Amino acid sequence: MNADAQREAVYGAPPEMLEVRDDLTPMLSQYADLCAEHDDAVVLFQVGDFYEAFCGAAEAVARTCEVTLTQREDSTGTWPMAGIPIDNAAGYLERLLDAGYRVALAEQVEDAEEASGLVDRAVTQLITPGTVVDEELLDAGRATYLGAVARGGGDAESRDSDAEDDTDTYGLAVVDVSTGECLVTGADRALALEELERLAPAELVVGPDCDLPDLSFDPMETPFEPGAFDADAARETLSAYAPRPDAVVESDAELRAVGAALAYAEYAQGDSTLEYVTRVTRFDPREFLQLDATAIRSLELFESRSARAGSTLFSVLDETACALGRRRLEAWLRRPLVDRDEIEARLDAVDALCDDALARADLREHLSSVYDLERLVARVSRERADARDLRSLKTTLDRVPKVREEVGTGSDLLADLRDSLDELEDVRDLVGDAIVSDPPQEITEGGVIADGFDAELDDIRGTAEAGREWVSNLEAREQERTGIDSLEVGYNQVHGYYIEVTNPNLDRVPDDYRRRQTLKNSERFYTPELKEREDEILRASDRADALEYDLFCEVRADVATESARIQAVADALADLDVLRTLADVAVANDYARPEFHAGDPTDEHGGIHIDGGRHPVVERAQDEFVPNPADLPRGSVALVTGPNMSGKSTYMRQVALGCVLAQVGSFVPAASARLPVLDRVFTRIGASDDIAGGQSTFMREMSELTEILHNATGDSLVLLDEVGRGTSTADGLAIARAATEFLHDEVGATTLFATHYHDLTDAADDREGVFNLHFTAARRDGEVTFLHSVADGPSSSSYGVEVAQLAGVPASVVARARDLVDETDPESADDTEGDGVAAAANGEVAEAAEDGTLAAYVDGLENGHRESESPNRATATTATAEPTPELEAVAEALREADLADTTPLEALNLLSDLKGKLE
Ligand SMILES: Nc1ncnc2c1ncn2[C@@H]1O[C@H](COP(=O)(O)OP(=O)(O)OP(=O)(O)O)[C@@H](O)[C@H]1O
């Protein structure tokens, strides 16, 4: 049984119960009904202090949560049953979610003691990966999104007309149910999918006709009423959140996506409007530096793929003081800016904070005692906040004036943020006046509302207090009246107040004493007056508790009406925390403020110019890091060669990370940097790295290359690492060469291309914008040391065998490889070998020789059969071979292939064709 089928067996009313439907006990009948109504989730049914599941669901709960499977027996049968304690439910719920289940909490919605007969129960909350709100199930530093995708046509104007649908328009909306953040965007299919990958919602509701490809993340796909995607229904839903729904969105698809996302969020939260969703924000993906899922992954922004687990750009930057800041930092990093003014505004703010160490330290201290206002206010609105939450809100608001003081006005952005720090005195005073400073967790048992807040409550409390005082003086009075010194007045839960007299003194008990309880050595009594006082005290405390609860709910509702103002403060605090974090990181790690080119963006002197650049993550893991410059004119292609492990990948990534950081508004790890504002960063890194299920490595590599060739622009930065390695050297080289030429001639994207194909370095000879960079290593007595410094020109050595030796390949294999290298390329024996070394180390000697012929021929076509200029290259040994007609045909076919317009499958077919011709 697959996972979905297994889930089906536990969702819905248990078939065995349905067989005896009419005879079920009232409680199980209620359970079966709720299961039938919520047949898209495991129903957890509150019975007292436990959530119970029955039958198939019980087995799933017992298995997943590792709790005991028990049975419930009644006249209609024996029902498997498993329960989880409500007090401690979070951990179990998390396991159910992790196992892919959706959970519906069916809670007792009336007081069991007040119910006459069966307690009323209702599903109050659906818990799914995208709709969790429970603090314990949420990651404090990450937004948890629920997403909806809709496909459809027409822009806002043509929506009501009969204009033909532009079926390629996609709408995408996400809602963070725990904070109320709601984003909507629309774009063509490719861009929308990219945005979807970037937002990576935990759960996805997919509209009709959207066939999504495999995604690089793994959201739960939730079937939801297609009707929610209907434009009119969506407009209706959205109108509860935005007075003019059509002004928020720009297309039908967007309207339908956001409508469906909100409708599903409402459904999950018990079908009520989410008051705390106060802003539905539309954005255009083109307003941000586009980083697709591949780039985010290969630049290791959030997840590390290397042995340095946990070392990511995010972890290096994350000096945030509060959860608000942490989530905001993540959002900024996922979405760097492209608007120069906005970038400069952030940089100005970071700059100002860099200059003021004291303000930074104070800000950090104040912000570290700030609670997660966004989630707090959402709980307040959902009526889930307790008294402690309200006090946390007050503690946070108490900090706001102090934060304001420290922010200063060092930059326009800081001044703006300062202005938006509404001190919310009214809310702060309301909570301060209403709620005691250290309230209990329970809000129904009194002790929550402060004295002096409500006259009626004070009055009732006065009555109870007077009663208690009367009782506390009773002991002395009765001792005096009866002359019994050992007489005691006490209280217990079952019998209430009593007067206790030891057996030897029983003869002195007055007539008005009534016997309440007999113990071994004493008797307990009450008097009519004591009983009356007791009733008075109990009545007063019950009334006080009820009144306190009502007052608490009123205060909470009053605070909820200020959600939007509180969210605005949360917003400003989040921004401030990130700006001060960026300043802290810049100062601690000696980063420099980047400059952006002014003027004509097509100026060829634009481009990336970094002095003393470092890799922000690698430099933290190394004792010493060698800084390297980067001078990449706009539209140039730098071919980066060098031995394995010499630092090529690190270098390329550090250039990209510098650009990303700069557009986030951060200083960069360099002595200085002059940068363009990029529109996109593309990466195609590592042939063996991204093995996705079902696709061959090469196929995936080619799809990514196609993506880049299609979508890169003159404002893009492209990193290519070892493109073409997934196939034979000859084919790989041909593809690498063709891609280089295309990027340079047609696209004009600034490109860094790390390669082991030395033949590719020739591309620099006939194109001004293509140039070589290399990393070197020093070889002494057969030992290799990497210098990690970049230099102009192509590399002359691969050191493949030495690296194999370093890696611990057995000595005999290393020796044999060396012999083979020498056989293939005798010149390498005197320490001037070319890339044949790497090939030999990989056991590809024969292929390298054969490849040399084709590569040289492709070269020859390109350069008019120019002889190789490098006498060191292994390929030079065969470079002058006469082209056969087959070779000519192959080369011609390759040159004619329009790679930018070739699907991966066509590319594979072409390659297999070419191979056939050769063989
Ligand atoms: N500039 C530098 N200063 C100090 N150490 C560095 C530097 N660059 C790289 N290194 C170290 O060298 C290691 C290998 O670097 P990197 O992975 O960039 O090499 P590579 O040339 O891309 O290797 P391969 O061709 O095998 O992929 C890094 O993990 C890092 O520890």
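The values are calculated or read from the model by the stated rules, or taken from the named source; none is laboratory data. From a predicted model like this one, the values you see are computed outputs, not experimental measurements. FYI the Cβ positions are ideal-geometry reconstructions off the backbone, even for glycines, and counts take in every protein chain you see.
Given the condition in contact with a Pro (Cβ under 6 Å, 6 or more places away or on another chain) and either farther than 14 Å from Glu534 by Cβ or not in a helix (DSSP H, G or I) (or both), answer yes or no: does some residue in the stretch 459-476 qualify? No, there is no match, as no residue in the stretch 459-476 is in contact with a Pro (Cβ under 6 Å, 6 or more places away or on another chain) and either farther than 14 Å from Glu534 by Cβ or not in a helix (DSSP H, G or I) (or both). Selection of the stretch 759-803 for residues being modelled with pLDDT of 70 or more, in contact with a helix residue (DSSP H, G or I) (Cβ under 8 Å, 6 or more places away or on another chain) and assigned to a loop (DSSP other than H, G, I, E, B) yields Asp765, Asp766, Arg767, Gly769, Pro794, Ser795. Asp631 - would you say it is free of Cβ contacts under 8 Å to residues at least 24 places away in the same chain, out of contact with any Leu (no Cβ under 9 Å at 6 or more places or on another chain) and outside the structural domain of Ala190 (by TED's automatic domain parsing)? Against the criterion (free of Cβ contacts under 8 Å to residues at least 24 places away in the same chain, out of contact with any Leu (no Cβ under 9 Å at 6 or more places or on another chain) and outside the structural domain of Ala190 (by TED's automatic domain parsing)), Asp631 does not qualify. If you filter the stretch 733-748 down to residues that are among the small types (Gly, Ala, Ser) and in contact with a Leu (Cβ under 9 Å, 6 or more places away or on another chain), you find that the one that is surrounded by the fewest Cβ atoms within 10 Å (Cβ to Cβ) is Ala738.
For the stretch 73-87, name all the residues that are touching a residue at least 40 places away in the same chain (Cβ under 8 Å) and surrounded by 11 or more Cβ atoms within 10 Å (Cβ to Cβ).
Asp74, Thr76, Gly77, Trp79, Ile84, Ile86, listed by residue number.
Just one of (1) farther than 15 Å from Leu126 by Cα; (2) surrounded by fewer than 21 Cβ atoms within 10 Å (Cβ to Cβ); (3) in contact with a helix residue (DSSP H, G or I) (Cβ under 7 Å, 6 or more places away or on another chain) fails for Ala60. It is (2).
Put simply, of Glu66, Glu52, Glu37 the only residue that is without any contact (Cβ under 8 Å) to a residue 60 or more places away in the chain, at negative phi and among the acidic types (Asp, Glu) is Glu52. The residues in the stretch 419-442 that are outside any loop (DSSP other than H, G, I, E, B), buried (at least 18 other Cβ atoms within 10 Å of the Cβ) and within 34 Å of the chain's Cα centre (by Cα) can be counted, and the count is 3. Apart from one condition, Phe742 fits all of (1) more than 16 Å from the ligand (Cβ to nearest atom); (2) at pLDDT below 80; (3) within 20 Å of Glu704 (Cα to Cα); the exception is (2).
Ala598 meets the stated requirement of being assigned to a loop (DSSP other than H, G, I, E, B) and away from the ligand (no atom under 16 Å from the Cβ). Scanning the stretch 639-649 for residues that are in contact with a strand residue (DSSP E or B) (Cβ under 9 Å, 6 or more places away or on another chain) and either within 12 Å of the ligand (Cβ to nearest atom) or in a loop (DSSP other than H, G, I, E, B) (or both) yields Val640, Thr641, Gly642, Pro643, Met645, Ser646, Gly647, Lys648, Ser649. Pairing residues of the stretch 10-25 that are in the same structural domain as Thr64 (by TED's automatic domain parsing) with residues that are of a type in the set (Ser, Thr, Tyr) and at pLDDT 90 or above, at Cβ distances under 6 Å and at least 6 apart in sequence or on separate chains, gives no pairs at all.
Scanning the stretch 713-732 for residues that are within 16 Å of the ligand (Cβ to nearest atom) and crowded, with 23+ Cβ neighbours inside 10 Å yields Leu719, Leu720, Val723, Gly724, Thr729, Gly732.
In summary, helices (runs of 4 or more DSSP H) completely within the stretch 251-330 and bearing 2 or more residues that are in contact with an Asp or Glu (Cβ under 9 Å, 6 or more places away or on another chain) and among the small types (Gly, Ala, Ser) occur at 252-268, 293-298. Against the conditions (1) surrounded by 15 or more Cβ atoms within 10 Å (Cβ to Cβ); (2) within 12 Å of Ala544 (Cβ to Cβ); (3) in the same structural domain as Tyr497 (by TED's automatic domain parsing), Trp470 satisfies every one except (2).
For the stretch 271-292, does any single residue satisfy the condition of being free of Cβ contacts under 8 Å to residues at least 40 places away in the same chain, within 21 Å of the chain's Cα centre (by Cα) and more than 12 Å from Arg334 (Cβ to Cβ)?
First, the residues of the stretch 271-292 that are free of Cβ contacts under 8 Å to residues at least 40 places away in the same chain: 271-273.
Pick out the ones that are also within 21 Å of the chain's Cα centre (by Cα) and you get none.
Scanning the stretch 271-292 turns up no residue that is free of Cβ contacts under 8 Å to residues at least 40 places away in the same chain, within 21 Å of the chain's Cα centre (by Cα) and more than 12 Å from Arg334 (Cβ to Cβ).
For the stretch 650-673, the criterion of a residue being assigned to a loop (DSSP other than H, G, I, E, B), of a type in the set (Phe, Trp, Tyr), within 15 Å of the ligand (Cβ to nearest atom) and modelled with pLDDT of 90 or more is satisfied by no position. Hey, does the stretch 593-614 have a residue that's more than 26 Å from Asp745 (Cβ to Cβ), hydroxyl-bearing (Ser, Thr, Tyr) and either surrounded by fewer than 19 Cβ atoms within 10 Å (Cβ to Cβ) or at pLDDT below 95 (or both)? No. Take the residues in the stretch 624-638 that are near the ligand (Cβ under 9 Å from one of its atoms), part of a loop (DSSP other than H, G, I, E, B) and not hydrophobic (A, V, I, L, M, F, W, C), then tell me which one is nearest to His597 (Cα to Cα). Ranking the candidates gives Pro627 first. Does Tyr241 satisfy the condition of being modelled with pLDDT of 85 or more and assigned to a loop (DSSP other than H, G, I, E, B)? So Tyr241 passes the test. When Thr713, Thr751 are checked against the criterion of being assigned by TED's automatic domain parsing to the domain that holds Ala791, of a type in the set (Val, Ile, Thr), assigned to a strand (DSSP E or B) and touching a residue at least 24 places away in the same chain (Cβ under 8 Å), Thr751 stands alone in meeting it. Do we have Thr278 as at pLDDT below 90 and either surrounded by fewer than 17 Cβ atoms within 10 Å (Cβ to Cβ) or farther than 12 Å from Cys182 by Cα (or both) here? For Thr278, the condition - at pLDDT below 90 and either surrounded by fewer than 17 Cβ atoms within 10 Å (Cβ to Cβ) or farther than 12 Å from Cys182 by Cα (or both) - is not met.
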